[in-house]
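S.K.: I am attaching a structure below and will ask some questions about it afterwards.
Each value in this text was obtained by applying a stated rule to the coordinates, not by laboratory testing. In this text, all values refer to a predicted model and were calculated from it rather than measured experimentally. Positions of Cβ are generated from backbone atoms using ideal geometry, with glycine treated the same way; all protein chains shown enter the neighbour counts.
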Amino acid sequence: MINSPVIEQLLDDRSYHIEFNGHLSNHSKHAVVALALLGASPDRIKEYYDNYAKLTTYGYGLEPPRPSKYVITEENWKEFFGQRTSFSSYCEFFDRKERELGMDEVLRRYVPTLLPGWVGAFTHATIHLGWALEAGSRWMTVEGLAYMAFSYVSCYPERASSADAGASGVDSLLRIADAWDADREQLRRWAQELGTVPESGVPEGIHPELARSGLQYRNARMLAEGHPLIYDTPSWIADQDVATSWEQLYYTATLLYLSRPGDFVLLHLITSLHAMEQIAARLPEDMHRYVITCYWTAMLGVVFALADFPKRAKLEALHSAFEDTVDAGGNETWRPDWELTVARSFEEEEEHNPKLVHVMRRMWERTGGRSIYRTAAAQFTATPALPPSFEQPPTE
């Protein structure tokens, strides 16, 4: 929970659309939350917010709110999932519902339906919601719910089986890496072909704007097509306590990130995992394993869509190095190191970096100083170059 009039005002700001230049996500409020939680001054955060609105790291400014095409109601709120329409009307819908029911009931009633689509907008809708809940911002939470409906891309959790008998997240990850190592070229060609827009046009069920994205198109196509390895739900999700599963997911996602330090895609698996845990904490306990299943399924879809799953030997070597490694000396010994990493993140125009630092510091503290999280926190990313498809105007 963040208590600052300046921060609250920024998170309540309604001057800009949730996206710009078509499908690019407006990250400004994510940065506000991350910087505030890391201890940046309100003035510094306000400066970042204003500068980002004028010129994002992609070279475009934010855009004013877009008019809604439809009026969203209780009767039709599911009809427009993933159609990238009527964001402001979705906000008005969830705003009304919150005033009528209260936030806890709104989350309980609507989030389970939205969860399968959590990877939409390349996880940024889920990040918007989860980080809003952590910050305690009512309006940003409303926006997050609306954005999840607006950008919904299903991970099809109903396809899940229980074929994976792995004892932990790492066991399951290594099992999948084995399968890729055994048939890497064929799997790579399959994933690359799947992620290429056919000459006949965008397949049915995928919004044309995602084809302009490239990355989001590949994710949507991979999740729609699926693969048995993606839907082999690990038995550890059902067999162990939820707290252990969350810790294993953080460790597994961070291991993936360190297999390609600074990778822009893999970083999102960490910051969205944090969002998913924040969301789960506001849902009934019997929903928590479902949240984890949705995360695991879509996480694998995202990594498969890269068409180059990390090799088992590298993952195994990293696991061997970090599995039992804890930073000796405690908080006081490592405080200067964390202060330096935090200070570096304050100077980054790419707001994914302070988000990474916040999650990694939180996990380092939560696990008694596991070295993997301090190491990953310093592996900053850069804004990727936009694909040639951006030479064309947005489809909407």
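S.K.: Just order 290-296, 217-223, 12-18 by mean Cβ neighbour count inside 10 Å, highest at the front, would you? Don't jump to the answer; show the numbers that get you there.
M.R.: Numbers: 290-296: 23.9, 217-223: 25.7, 12-18: 15.0.
Sorting 290-296, 217-223, 12-18 by mean packing, highest first, produces 217-223, 290-296, 12-18.
S.K.: Evaluate the distance, in nm, between pseudo-label points positioned 7 Å from the Cα of Glu396 and of Glu285 along their respective Cα→Cβ axes.
M.R.: Distance between label points: 3.9 nm.
S.K.: If I model a spin label at Arg184 and Ala382 as a point 7 Å from the Cα along the Cα→Cβ vector, what separation in nanometres do I get?
M.R.: 2.5 nm
S.K.: Whole-Hz ³J(HN,Hα) for each residue in the stretch 322-335, computed from phi via Karplus 6.51 cos²θ - 1.76 cosθ + 1.60 with θ = phi - 60°, x for glycine and proline: what do you get?
M.R.: 10, 3, 10, 8, 10, 5, 6, x, x, 4, 5, 5, 9, 4
S.K.: Sticking with this structure for a sec: Fewest to most neighbouring Cβ within 10 Å: what's the order for Ile72, Ile45, Ile2?
M.R.: Details: Ile72 25, Ile45 22, Ile2 15.
Final ranking by Cβ density, sparse to dense: Ile2, Ile45, Ile72.
S.K.: Another question, if that's okay. Within 10 Å of each residue's Cβ, count the other Cβ atoms and sort Ser41, Ser371, Ser137 from fewest upward.
M.R.: Ser41, Ser371, Ser137
S.K.: Taking the mean number of other Cβ atoms within 10 Å as a proxy for protection, how do you rank 114-125, 300-311, 187-198 from highest to lowest?
M.R.: Result, highest mean Cβ count within 10 Å first: 114-125, 300-311, 187-198.
S.K.: Separate question: Can you tell me the length gained on complete extension of the stretch Glu199 to Asp50, counting 0.36 nm per residue apart and subtracting the Cα distance?
M.R.: Working: separation 149, 0.36 × 149 = 53.64 nm, distance 4.13 nm.
So the extension gain works out to 49.5 nm.
S.K.: With charges only on Cβ, +1 for K and R and -1 for D and E, what is the dipole size of the chain about its Cα centre, in debye, rounded to 20?
M.R.: Approximately 240 debye in magnitude.
S.K.: Further question: Thr244 to Asp337: extension gain in nm, 0.36 nm per residue of separation minus the Cα-Cα distance? Spell out each step's value before the answer.
M.R.: On the way: separation 93, 0.36 × 93 = 33.48 nm, distance 2.76 nm.
Taking Thr244 through Asp337 to full extension adds about 30.7 nm, to one decimal.
S.K.: Quick check: net charge around Pro228, other residues with Cβ under 11 Å of its Cβ, Lys/Arg +1 and Asp/Glu -1?
M.R.: Cβ neighbours under 11 Å give a net charge of -1.
S.K.: Related question: Over the Cα atoms of the chain, Rg to Rh with Kirkwood Rh, two decimal places?
M.R.: On the way: Rg = 20.1 Å, Rh = 21.4 Å.
Rg/Rh: 0.94.
S.K.: For Val326, list long-range residues whose amide hydrogen, built 1.01 Å from N in the peptide plane, is under 5 Å from its own amide hydrogen.
M.R.: Answer set, sorted by chain and number: Ser371.
S.K.: I need to check one value: relative contact order of the chain, counting alpha carbon pairs closer than 8 Å and at least 6 residues apart, in percent.
M.R.: Numbers: 568 pairs, mean separation 79.4, N = 396.
For the chain, the relative contact order is 20 percent.
S.K.: Counting Lys +1, Arg +1, Asp -1, Glu -1, what net charge surrounds His30 among other residues with beta carbon under 12 Å of its beta carbon?
M.R.: Details: positive: Lys29, Lys355; negative: Glu134, Glu143, Glu350, Glu351.
That works out to -2.
S.K.: Among Val6, Asn51, Tyr70, which residue has its Cα furthest toward the positive end of the charge dipole of the stretch 4-77, with +1 on Lys/Arg Cβ and -1 on Asp/Glu Cβ?
M.R.: Asn51
S.K.: Mind checking which of Thr293, Val170, Thr141 is farthest towards the positive end of the chain's charge dipole, using Cβ charges of +1 (Lys, Arg) and -1 (Asp, Glu) about the Cα centre?
M.R.: The listed residue farthest towards the positive side: Thr141.
S.K.: Convert 10 °C to kelvin, take the viscosity as 1.306 mPa s, use the Kirkwood radius over C-alpha pairs of the stretch 167-306 as Rh, and evaluate the Stokes-Einstein diffusion coefficient in µm²/s, rounded to a whole number.
M.R.: Values: Rh = 16.1 Å.
Here the translational diffusion coefficient equals 99 µm²/s.
S.K.: Also: Per the helix-only calculation at 222 nm, which mean residue ellipticity applies to the chain, given -39500 (n - 2.57) for every DSSP H run of n ≥ 4 and division by its residues, nearest 500 deg cm²/dmol?
M.R.: Only helices count here, giving -18500 deg cm²/dmol.
S.K.: Would you mind ranking Met148, Met287 by Cβ crowding within 10 Å, fewest neighbours first?
M.R.: Met287, Met148
S.K.: Determine, for the stretch 1-154, the count of lysine pairs separated by eight or more sequence positions (or lying on different chains) whose alpha-carbon distance falls under 23 Å. Walk me through the intermediate numbers first.
M.R.: Working: Lys29/Lys46; Lys29/Lys54; Lys29/Lys97; Lys46/Lys54; Lys69/Lys78; Lys69/Lys97; Lys78/Lys97.
Qualifying lysine pairs in the stretch 1-154: 7.
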